[in-house]
1. DSSP beta bridges in region 109-189, what fraction antiparallel, as a percent rounded to 5?
2. For region 79-135, what ratio Rg/Rh do Cα atoms give with a Kirkwood hydrodynamic radius?
3. Can you say what percent of the DSSP beta bridges in the chain, counting only those with both residues inside, are antiparallel? Round to 5.
4. How much length is gained if the chain between residue 129 and residue 183 is pulled fully straight, taking 0.36 nm per residue apart and subtracting their Cα-Cα distance, in nm to one decimal?
5. Report the net charge of residues surrounding residue 94, where surrounding means a beta-carbon distance below 12 angstrom and charges are Lys +1, Arg +1, Asp -1, Glu -1.
6. Rolling a 1.4 angstrom probe over the protein heavy atoms, how many square angstrom per residue are accessible across the chain?
7. Treating only the Cβ of Lys, Arg, Asp and Glu as charged (+1, +1, -1, -1), what charge dipole size does the chain show about its Cα centre? Round to the nearest 20 debye.
8. If you fit an axis through the alpha-carbon atoms of helix 2-18 and take the longest principal axis of the Cα set of the chain, what angle between them do you get, 0 to 90°, nearest 10?
Amino acid sequence: RRTFEEEIRREISGAIRTEQPLSIVMADIDHFKRVNDSEGHSAGDATLRKFGEVLKKGIRPTDRACRYGGEEFMMILPNTTLNSAIGVSERLRRNTEASTIATRDKEFKITASFGVSTFFPEGPYPHESPEEIGKVIEDITKQLKDSTDNTMYGAKNAGRNRTGFMDDNGEIGILEKDPTNNSKTVVRYQKLQAPT
């Protein structure tokens, strides 16, 4: 988590300087407590390791994947628009769904829910002093984290194993399979609500 906090501030500063978008993706393993309860903590550890590998393999060398806490991970995607970040998130979600966790005596599968948010610099930003710059970066960091957390919980509330994102109007969109055509994806919008 400390690594993420340091990296996100550095990348926000870079995004402001270069006027390029910055996206972050939060990923949370679905029903992780059940894995620990039914398979044991060693299986939980194996699950976290495998999930971390899937995430790291699914992003660019310039991106960063960090364990954020418990079964939550954050990916920092510099120079990445919202649409591109949603594409990355969906790829990671599918790769997670397709992966197998192997323990000494069992194999099982997991899914994860993802939330995406993007910061696009729309300055001007105050730059008179390091304190002013620090305050701007702190505010943007908080907004990005809150937004990503909300979109990830939106994906959980919509049924898990989905990608949620915050659109330009501040609404949460959830990507899910089209009920009339399983090979297509549709976006369903939902109101912000507390996680269940």
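The values are calculated or read from the model by the stated rules, or taken from the named source; none is laboratory data. Only a predicted model underlies this, so the values are computations on that prediction, with no experimental measurement involved. Neighbour counts are summed over all protein chains in view; Cβ atoms, including those assigned to glycine, are modelled from backbone coordinates with ideal geometry. Note: accessible area is taken over every heavy atom of the protein model, side chains too, but ligands, DNA and RNA are not part of it. Shrake-Rupley method; radii C 1.70, N 1.55, O 1.52, S 1.80 Å.
1. 75 percent
2. 1.31
3. 90 percent
4. Gain in length upon complete extension: 14.2 nm.
5. +2
6. Value returned for the chain: 55 Å² of accessible area per residue.
7. Dipole size: approximately 840 debye.
8. 50 degrees
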